[in-house]
Amino acid sequence: MKQLLAKSIAMSLLSPLLIGVLLGSYYTFTLSQPGIQIFFSILISAFSNAHIAGLAMAVFVVPGYLLMHKYSKVQYSAVLALGMIGGAFFSYVLAATSGMGFIVNTCMAALASGLFLYGLRRFA
């Protein structure tokens, strides 16, 4: 069980990379400014806020999943909701209280919890 959780948590660490590449690509293709500079700026910004997703995983998602697993009541929607709540909480406390940064950090934590669930199913 520990090895399965470790692999799944490692897979959830891809969340900042995916968010950075997707948002960077979107803004690179939609804005008329120099693209590569915007792409790397958004990618670095996603990496610098990766601690939000990590804290949400450590405090909300993994303990919530283990508690649900203990009682054999694992619901994927509840795990995803825990990821989003954790991302919103830590984003509000540590990084951004409103605006686009708040939404991006919340989505990044929700994606991390989704990748965590995907890793649990994939490696089981």
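For the chain, the solvent-accessible area with a 1.4 angstrom probe is 59 square angstrom per residue. Where only DSSP H runs of four or more residues are counted, the chain gives -25000 deg cm²/dmol as its mean residue ellipticity at 222 nm, each run worth -39500 (n - 2.57).
Could you pull out the trypsin sites (Lys or Arg not before Pro) across the range 46-124 that fall in loop regions by DSSP (anything but H, G, I, E, B) with no more than 13 other Cβ atoms inside 10 Å?
Sites meeting the loop and neighbour criteria: K73.
Counting protein heavy atoms only, the chain has 70 percent of its accessible area on carbon and sulfur, 1.4 angstrom probe.
The values are calculated or read from the model by the stated rules, or taken from the named source; none is laboratory data. Values in this document were obtained by computation on a predicted structure and should not be read as measured data. A quick note on method: Cβ atoms are made from the backbone with ideal geometry, for glycine too, and the neighbour counts reach across all protein chains shown. Quick note on the areas: whole protein, heavy atoms, side chains included, nothing else; ligands and nucleic acids left out. Shrake-Rupley method; radii C 1.70, N 1.55, O 1.52, S 1.80 Å.
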